[in-house]
Every structure is written in C-alpha cells, then in structure tokens.
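The next block holds one structure in the form of structure tokens; read it before the comments.
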Amino acid sequence: MKIKTGLLFITLLMLLGISSGCVSSGSSTQAPETPVYQPQITGEKVLYPDEQTAVTTLALAKKGILPQDGAITMAPNATVALAQPAPGFSVTQEGVSGIRQLPDGNLAVEVLCEYQDTLGRKASMLDVATYTLRQPTGQECKTVSENMVAEYTTTMKNCTPEVQQQTMESIKDFQTSAGLKSDGILGQQTAMAMAQGMEFQEFTSLVSAPIYTTNPRFEIYFIDEVVAKNAPDTYLKGFDSLDAVRVKAIPSSQFAARAKNGGKYLALIYFMDQLPKDTPIQIGLSQFSTRKDTDRKATMQPVYSTGRDWPVIVAPFSLANTNSKLYAHVMVSGEIAGTTQLK
C-alpha cells in the first residue's frame with residue numbers, strides 16, 4: 001500500500017490526533033491512549049491521504065473511537081452503523097475494494113472485510129466511509145500547525161532512530177516541494193505550509209452492509225430420525241451439534257441398502273455462508289439428478305432464513321416405497337444449490 005510521497009507525514013500526524021485527537025463516542029472529552037491502528041490493505045492500490053484517512057477512520061470507529069476536532073471531524077448528523085464480526089469470527093482478508101464520488105459530491109471509500117470461524121463459516125461485510133473535503137480557514141491552519149508541531153515533538157522523542165530518520169526524510173521531501181529550507185525539522189513555518197496545503201475532512205457516514213454470495217456453501221448430512229430424537233441435545237442443537245453429526249452421519253453409499261427396509265431419516269443442512277433475510281430454503285427428493293420439480297410431494301415447504309445467523313435446516317424424509325434412483329436437492333430461492341444421490 002502506497003501513499004503519495006511528501007504527503008505521508010501530514011496524513012500520519014492527522015491520524016495521530018491533531019487538535020484533541022480522536023475520542024470515543026461517549027461523553028468523555030479526553031483522548032484515550034490508544035495506538036494508531038493500521039488496517040491490512042491488500043493489493044497495490046495507491047491511496048491519497050484522505051482515502052487512507054477514511055480507511056483508518058473505519059478501523060478506529062469499530063473500536064469505538066471517532067474523530068472529533070481538527071482537520072478530521074464527524075458531521076453533526078453523521079450516521080455511524082458499523083457491523084462487528086460475530087463471536088468466534090476473525091478477519092481473514094481486509095482491503096480497499098472501491099473509491100468513488102457520489103452524485104451529491106461526497107466521496108466514498110469502500111473496504112471489504114471477510115471473516116471466518118473455526119467451523120469454516122464465512123461472512124463478508126462492506127464498510128463504507130463517506131465524507132466531504134474543504135479548504136481550512138486561516139485560524140484553522142494556525143491551530144492545526146501548532147498541534148502538528150506539538151505532536152511532532154512528542155513523536156520524535158519517543159520513536160526509534162529508524163522512525164526518526166524516516167520522519168525527517170518525509171519532512172525534507174515536503175520542504176523541497178514547497179520551496180522551504182530542507183532541514184528535515186518540522187518547525188512552525190513548515191507546519192503552516194503543510195496545514196495550508198491540506199484539506200479538512202468531514203465524515204457524513206460510517207456504515208456496513210453485508211455481502212452475500214450467489215452460490216452459498218453448505219454441508220448436508222443424514223442420520224436416523226430415532227437416533228436424533230433420542231439425543232436432541234447432541235444432534236439437534238444447530239452448529240453446536242455439527243461435530244457430532246459429522247461423526248454419526250450415514251454415508252450416502254449405504255442408502256441403497258437401507259432403502260429395501262425403508263426407514264425414517266433426517267437431513268441436516270448447515271449453511272456455511274450467510275444468507276439474506278427471508279431467503280427460501282427447501283430440500284426436495286427426486287428420481288432425477290438435475291430436476292427439482294418431478295416429485296413435488298417430496299419437497300418440503302420453504303424454510304425462510306432469518307438472516308440473523310447461518311441457517312441450519314432439519315428435514316425429515318423416508319426411504320419407503322422408493323424403487324428407483326433417488327436424489328436429494330438442496331434449493332435456495334428456488335434454484336438447486338447442490339445435489340446428493342441417496343440411492
């Protein structure tokens with residue numbers, strides 16, 4: 001990830017908290033002591049300082065920290081509705097997926113976040129920051145430059161020699177481009193020139209939206225109905241029962257022999273990707289491997305996903321009076337998402 005040379009130091013100072021820094025969304029007026037958070041940006045996308053600021057602001061907002069004063073602020077009626085990963089989920093990938101200008105003139109930076117848990121379930125969220133840019137007033141430039149020098153002084157005292165050297169080189173690059181004495185020291189003149197060259201950034205919204213796949217993954221298992229009903233806490237507790245069901249599941253290769261004696265069974269379908277709310281899910285039995293509507297009597301009524309978690313569908317079925325081939329079709333929104341041959 002790259003930021004335009006000469007502007008990196010400006011952005012870093014802004015993110016470190018110029019003019020009172022970043023504060024939590026609560027009533028406290030004191031800036032919390034929190035390290036600068038650097039999200040994992042994938043790819044080779046070149047980010048301008050305001051775009052990088054948007055990415056970092058999204059990451060900090062998820063921790064309950066919002067910008068308040070200075071060059072980075074929240075609009076008075078800003079919307080903040082960022083989704084957190086479900087318990088047990090961790091980030092597997094995070095990166096800028098889009099940067100665009102909206103019809104109202106606002107700018108938007110989109111960050112795609114993918115999460116996964118130990119069971120293999122996945123969730124994808126699109127975090128979007130929208131904001132406006134404007135030129136600072138003379139008084140704002142003065143305030144920002146003074147805070148920038150103070151932040152610079154603190155940073156140089158507490159950072160490593162390597163960071164000190166990198167900071168000096170960044171300042172020299174800026175001073176050279178601005179026609180100033182190139183000494184690598186952030187004095188008031190250099191800070192004022194930086195402040196006059198920056199744009200103030202006001203965020204109007206920080207929101208998340210779920211991303212759903214068109215081909216949701218699922219796992220399907222079959223167990224004896226009697227076994228499941230005799231031990232519901234073991235086999236019928238949703239994803240808490242997945243490991244036990246995996247062990248007890250009847251191999252599909254055995255169903256041809258079992259069909260001779262009939263029997264009642266349960267099909268348990270575990271969706272590993274989130275589905276939109278009210279998505280219809282069905283399981284149908286058919287003698288054809290690619291047709292879902294041949295045996296309508298064997299097709300259960302749709303079960304609708306609540307959208308609050310990863311659906312687990314439990315469907316009873318019988319092998320009695322089945323003299324031909326038999327396939328179990330899992331259908332999502334009326335389309336076959338996967339097929340298992342039972343006999």
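The values are calculated or read from the model by the stated rules, or taken from the named source; none is laboratory data. Treat the numbers as computed from the prediction; the structure is a model and nothing was measured. Every residue, glycine among them, receives a Cβ derived from its backbone with ideal geometry; neighbour counts consider all protein chains shown. Just the protein is used for accessible areas: all its heavy atoms, side chains included, with ligands, DNA and RNA removed. Shrake-Rupley method; radii C 1.70, N 1.55, O 1.52, S 1.80 Å.
Restricting attention to the range 150-166, report how many residues are β-branched (Val, Ile, Thr) and surrounded by 16 or more Cβ atoms within 10 Å (Cβ to Cβ).
Of the residues in the range 150-166, 1 are β-branched (Val, Ile, Thr) and surrounded by 16 or more Cβ atoms within 10 Å (Cβ to Cβ).
In the range 96-130, the residue that is surrounded by the most Cβ atoms within 10 Å (Cβ to Cβ) out of those that are under 17 Å from Pro85 (Cβ atoms) and acidic (Asp, Glu) is Asp127.
Out of the residues in the range 167-180 meeting the condition of being under 30 Å from Gly98 (Cβ atoms) and open to solvent by 60 Å² or more (accessible area, probe 1.4 Å), tell me which one is nearest to the chain's Cα centre (by Cα).
Asp173
Note on the range 235-274: among residues that are surrounded by fewer than 17 Cβ atoms within 10 Å (Cβ to Cβ) and polar (S, T, N, Q), the one that is nearest to Ser305 (Cα to Cα) is Ser252.
The number of residues in the range 212-233 being touching a Ser or Thr at 6+ places or on another chain (Cβ under 7 Å) and over 27 Å from Thr279 (Cα atoms) comes to 0. Within the range 221-234, the set of residues being crowded, with 19+ Cβ neighbours inside 10 Å and under 34 Å from the mean Cα position of the chain (by Cα) comprises Tyr221, Phe222. Set side by side, the residues Thr190, Thr214, Thr153, Thr204 differ, and just one is over 30 Å from Trp310 (Cβ atoms), outside any strand (DSSP E or B) and out of contact with any helix residue (DSSP H, G or I) (no Cβ under 9 Å at 6 or more places or on another chain), which is Thr153.
Of all residues in the range 144-169, those that are more than 20 Å from Gln68 (Cβ to Cβ) and without any contact (Cβ under 8 Å) to a residue 40 or more places away in the chain have Cβ atoms under 9 Å from Cβ atoms of residues that are open to solvent by 50 Å² or more (accessible area, probe 1.4 Å) and of a type in the set (Val, Ile, Thr), 6 or more apart or on another chain, in Met156/Val163; Met168/Ile185.
One residue is enough: does the range 210-217 have a residue meeting the conditions surrounded by 13 or more Cβ atoms within 10 Å (Cβ to Cβ), aromatic (Phe, Trp, Tyr) and more than 30 Å from Ala59 (Cβ to Cβ)? Checked the range 210-217: no residue is surrounded by 13 or more Cβ atoms within 10 Å (Cβ to Cβ), aromatic (Phe, Trp, Tyr) and more than 30 Å from Ala59 (Cβ to Cβ). If you check Ser145, Ser97 for being modelled with pLDDT under 90 and either in a loop (DSSP other than H, G, I, E, B) or touching a strand residue (DSSP E or B) at 6+ places or on another chain (Cβ under 9 Å) (or both), only one passes: Ser97. Residues in the range 223-243 that are of a type in the set (Val, Ile, Thr) and assigned to a helix (DSSP H, G or I): Val226, Val227, Thr234. When the range 181-203 is filtered for residues that are out of contact with any Cys (no Cβ under 7 Å at 6 or more places or on another chain) and open to solvent by 40 Å² or more (accessible area, probe 1.4 Å), the ones remaining, listed by number, are Lys181, Ser182, Asp183, Ile185, Gln188, Gln189, Gly197, Glu199, Glu202. Selection within the range 275-284: residues that are in contact with a Lys or Arg (Cβ under 9 Å, 6 or more places away or on another chain) and not in a loop (DSSP other than H, G, I, E, B). The member of this set that is most open to solvent (accessible area, probe 1.4 Å) is Gln282. Determine if the range 251-274 includes at least one residue that is more than 22 Å from Ala228 (Cβ to Cβ) and modelled with pLDDT of 80 or more. Within the range 251-274 (the criterion being more than 22 Å from Ala228 (Cβ to Cβ) and modelled with pLDDT of 80 or more), the answer is yes, since at least one residue qualifies. Among the residues here, Val55 qualifies as aliphatic (A, V, I, L, M), surrounded by 20 or more Cβ atoms within 10 Å (Cβ to Cβ) and under 14 Å from the mean Cα position of the chain (by Cα).
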